[in-house]
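Here the structure is laid out as structure tokens; the discussion comes afterwards.
The values are calculated or read from the model by the stated rules, or taken from the named source; none is laboratory data. If you're wondering where the values come from, they're calculated on a predicted model, not measured in any experiment. Glycine also receives a Cβ, built like all others from the backbone with ideal geometry; neighbour counts cover every protein chain displayed.
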Amino acid sequence: MSTVKEKLIENLIEEDKISQRKITIVGTGAVGMACAICILLKDLADELALVDVAVDKLKGETMDLQHGSLFFNTSKITSGKDYSVSANSKLVIVTAGARQQEGESRLALVQRNVNIMKSIIPAIVQHSPDCKMLIVSNPVPLWSGVNVAGVALKTLDPKLGTDADKDQWKNIHKQVVESAYEIIKLKGYTSWAIGLSVTDLVGSVLKNLRRVHPVSTMVKGLYGIKEEIFLSIPCVLGQNGVSDIVKVNLNSDEEALFKKSADTLWNVQKELVF
Amino acid sequence: MSTVKEKLIENLIEEDKISQRKITIVGTGAVGMACAICILLKDLADELALVDVAVDKLKGETMDLQHGSLFFNTSKITSGKDYSVSANSKLVIVTAGARQQEGESRLALVQRNVNIMKSIIPAIVQHSPDCKMLIVSNPVDILTYVVWKLSGLPATRVFGSGCNLDSARFRYLIGEKLGVHPTSCHGWIIGEHGDSSVPLWSGVNVAGVALKTLDPKLGTDADKDQWKNIHKQVVERAYME
């Protein structure tokens, strides 16, 4: 006896179910879910897979998104504790990790998160050996390049970004660095801005836009750095990941600050137990 | 001595700062913020105002959205405990309200929410007398009535989100069962948002083909395919909100 579906619809060919633009998000906390909703609303994926160890939360979040399916164009939303659900991803976004506590520096989170990564990364690579990986984690401001429509602000006021600057543009950088801490203090975490930012990067990768973004990449060999450090520099982002980098000229102050970041990070990295 | 801004930019006329598509969201909990991010990503407003009594949460959420401004097109995001921030809204979305406590009767929940609405609605109407109001707080049908009474606005301008979500869930589940996108599956749930909602089985169709003409038992207990389960799932989801 035929079902309503069989009476309604005649199948012509067997469906090729392989997704072309699959994204996996590891971690369904506030950041992971902010990334998820932005990716869905921007039509970036044909399949979205969510992975988390907290199985109830994972199922609840997945169902909540699925129930909104009428309103977006990503037909396949799947989830699971097991990484087999992530197979064949073009891009894997890792948001999993311990949350930054009030007053805790970003670097203090590191060892906690290394152990988490050890349980995650090999499984991801096994199931999607050709994927790009975007790590969302918890910076040196480049004042010489700040411009509006090509007019470099620093040529209008050479004191820009220094303590001698009466306009106190340096405050802007201070605000950027401190802002995450302030939001954590007020609402307990940050989610929307990071979700939007990640989605911006996802767009460049999946659409092969080759836009330039300041993302964290391997900088050994640049600016006198001799160790395998990851720091943000302007990178060309497309379907192959980071295919090119932009060779920015740093003045001596900027280069010193950049190297200082590298040294700070290396001092932590060299102590890490893998 | 001129600032960098004055050296960079020459002003020609004074800016008319009146927004044309302002939306206010009352309540910055999970529902209010979900509304906010979707509205921002869909470019629906030129100004977004958030209101809540929890001032730290309100400020944190507002800053978090503002920091994403590079990625969307709503230049003005404001917030405040005071309803003056909501002035001149075209649409006010009310998500504020008490959550049902374990063991609490529906009536007790409603009375708590009536008191909350009494502190919210008159201020909204005072600052945006021409607005439309969209009520999301539960129990939505009763609270939409309450808000209509408190607002003094014509009934055409006060409406509740009601069964829009139930119908969306219904269409998603029908789509899953048929292997078709929800936008191509038509089905309506009307009535009370919640336990007593009414699925209109006779209207459920794809491409104008009514499923009930294919199987007259559709949606009944006698239906072997158990389509009625779909409506049951929709009701259970609403109950958990």
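In the range B:33-46, is there at least one residue being away from chain A (no Cβ under 12 Å), under 21 Å from residue A:190 (Cβ atoms) and buried (at least 21 other Cβ atoms within 10 Å of the Cβ)? Can you show your working first?
Just the residues of the range B:33-46 that are away from chain A (no Cβ under 12 Å), to begin with: B:45-46.
From what's left, under 21 Å from residue A:190 (Cβ atoms): none.
Checked the range B:33-46: no residue is away from chain A (no Cβ under 12 Å), under 21 Å from residue A:190 (Cβ atoms) and buried (at least 21 other Cβ atoms within 10 Å of the Cβ).
Output yes when any residue across the range A:135-146 is out of contact with any Lys or Arg (no Cβ under 9 Å at 6 or more places or on another chain), part of a helix (DSSP H, G or I) and at pLDDT 75 or above, and no when none is. First the steps, then the outcome.
In the first step, residues of the range A:135-146 are kept if they are out of contact with any Lys or Arg (no Cβ under 9 Å at 6 or more places or on another chain); the result is A:135-136, A:139, A:142.
Narrowing further to those that are part of a helix (DSSP H, G or I): none.
No, there is no match, as no residue in the range A:135-146 is out of contact with any Lys or Arg (no Cβ under 9 Å at 6 or more places or on another chain), part of a helix (DSSP H, G or I) and at pLDDT 75 or above.
Sort through A:184, A:194 and tell me the only one that's outside the structural domain of residue A:24 (by TED's automatic domain parsing) and within 11 Å of the chain's Cα centre (by Cα).
Numbers: A:184 fails: within 11 Å of the chain's Cα centre (by Cα).
The unique qualifying residue is A:194.
Pick from the range A:47-78 the residues that are more than 25 Å from residue A:207 (Cβ to Cβ), of a type outside the set (Val, Ile, Thr) and more than 10 Å from every other protein chain (Cβ to nearest Cβ): which of them is surrounded by the fewest Cβ atoms within 10 Å (Cβ to Cβ)?
A:56
If residue A:5 meets every condition in (1) touching a helix residue (DSSP H, G or I) at 6+ places or on another chain (Cβ under 6 Å); (2) more than 9 Å from chain B (Cβ to nearest Cβ); (3) of a type in the set (D, E, K, R) apart from one, which number is that one?
All conditions are met except number (2).
Tell me yes or no: at least one residue of the range B:78-101 is at pLDDT 95 or above, of a type in the set (S, T, N, Q) and out of contact with any strand residue (DSSP E or B) (no Cβ under 7 Å at 6 or more places or on another chain).
Yes: the range B:78-101 contains one or more residues that are at pLDDT 95 or above, of a type in the set (S, T, N, Q) and out of contact with any strand residue (DSSP E or B) (no Cβ under 7 Å at 6 or more places or on another chain).
Filter the range A:40-73 down to residues that are in contact with a strand residue (DSSP E or B) (Cβ under 6 Å, 6 or more places away or on another chain) and assigned to a helix (DSSP H, G or I) and give me whichever is nearest to residue A:113 (Cα to Cα). Walk me through how you get there before you give the answer.
First, the residues of the range A:40-73 that are in contact with a strand residue (DSSP E or B) (Cβ under 6 Å, 6 or more places away or on another chain): A:45, A:47-51, A:58, A:62, A:65-66.
Still in the list and also assigned to a helix (DSSP H, G or I): A:58, A:62, A:65-66.
Values: A:58: 20, A:62: 24, A:65: 27, A:66: 30 Å.
Here the answer is A:58.
Given the conditions (1) touching a Ser or Thr at 6+ places or on another chain (Cβ under 6 Å); (2) surrounded by 20 or more Cβ atoms within 10 Å (Cβ to Cβ); (3) within 13 Å of another protein chain (Cβ to nearest Cβ), report the number of the one that residue A:27 does not fulfil.
Just one mismatch for residue A:27, condition (3).
Considering the range A:26-81 alone, what residues qualify as being at positive phi and among the acidic types (Asp, Glu)?
Once the filter is applied, which keeps residues that are at positive phi and among the acidic types (Asp, Glu), the range A:26-81 yields only A:43.
For the range B:169-179: of the residues being touching a strand residue (DSSP E or B) at 6+ places or on another chain (Cβ under 7 Å) and at the interface with chain A (Cβ under 8 Å from one of its Cβ atoms), which is farthest from residue A:15 (Cα to Cα)? Give the derivation first.
Start the filter on the range B:169-179 by keeping residues that are touching a strand residue (DSSP E or B) at 6+ places or on another chain (Cβ under 7 Å), which leaves B:170-171, B:174-175, B:178.
From what's left, at the interface with chain A (Cβ under 8 Å from one of its Cβ atoms): B:171, B:175, B:178.
Details: B:171: 22, B:175: 16, B:178: 14 Å.
Ranking the candidates gives B:171 first.
List pairs: first residue in the range B:145-157 and closer than 13 Å to residue B:124 by Cβ, second residue among the hydroxyl-bearing types (Ser, Thr, Tyr) and modelled with pLDDT under 95 anywhere in the structure, Cβ distance under 9 angstrom, at least six positions apart or on different chains.
B:147/B:137
Of everything in the range B:196-207, what is more than 17 Å from residue B:164 (Cβ to Cβ) and either in contact with a Lys or Arg (Cβ under 6 Å, 6 or more places away or on another chain) or away from every other protein chain (no Cβ under 11 Å) (or both)? Give them in sequence order.
B:201, B:202
Look through A:221, A:241 and report the one residue that is more than 14 Å from chain B (Cβ to nearest Cβ), over 17 Å from the mean Cα position of the chain (by Cα) and small (Gly, Ala, Ser). Even if it seems obvious, please write down each step before you answer.
Values: A:241 fails: over 17 Å from the mean Cα position of the chain (by Cα).
The unique qualifying residue is A:221.
For the range A:3-39, name all the residues that are assigned to a loop (DSSP other than H, G, I, E, B) and farther than 29 Å from residue B:208 by Cβ.
Keep residues of the range A:3-39 that are assigned to a loop (DSSP other than H, G, I, E, B), which gives A:3, A:9-21, A:27-29.
Matches in the range A:3-39: A:18, A:19, A:20, A:21, A:27, A:28, A:29.
For the structure I just gave you, tell me whether residue A:244 is charged (D, E, K, R), farther than 30 Å from residue B:65 by Cα and either assigned by TED's automatic domain parsing to the domain that holds residue A:120 or surrounded by 13 or more Cβ atoms within 10 Å (Cβ to Cβ) (or both).
On the way: charged (D, E, K, R): yes; farther than 30 Å from residue B:65 by Cα: yes; either assigned by TED's automatic domain parsing to the domain that holds residue A:120 or surrounded by 13 or more Cβ atoms within 10 Å (Cβ to Cβ) (or both): yes.
It is true that residue A:244 is charged (D, E, K, R), farther than 30 Å from residue B:65 by Cα and either assigned by TED's automatic domain parsing to the domain that holds residue A:120 or surrounded by 13 or more Cβ atoms within 10 Å (Cβ to Cβ) (or both).
State whether the residues of the range B:96-112 include one that is within 14 Å of chain A (Cβ to nearest Cβ) and surrounded by fewer than 16 Cβ atoms within 10 Å (Cβ to Cβ).
Here is the first cut: in the range B:96-112, the ones within 14 Å of chain A (Cβ to nearest Cβ) are none.
Checking the range B:96-112: not a single residue is within 14 Å of chain A (Cβ to nearest Cβ) and surrounded by fewer than 16 Cβ atoms within 10 Å (Cβ to Cβ).
What residue, of A:252, A:204, A:261, is of a type in the set (S, T, N, Q) and under 16 Å from the mean Cα position of the chain (by Cα)?
On the way: A:252 fails: under 16 Å from the mean Cα position of the chain (by Cα); A:261 fails: under 16 Å from the mean Cα position of the chain (by Cα).
When all the criteria are applied, what remains is A:204.
Do any residues in the range B:211-235 that are aromatic (Phe, Trp, Tyr) have Cβ atoms under 9 Å from those of residues that are assigned to a helix (DSSP H, G or I), where the two are at least six apart or on different chains, and which pairs are they?
Between residues of the range B:211-235 that are aromatic (Phe, Trp, Tyr) and residues that are assigned to a helix (DSSP H, G or I), the close pairs are B:227/A:4; B:227/B:174; B:227/B:177; B:227/B:201; B:227/B:211.
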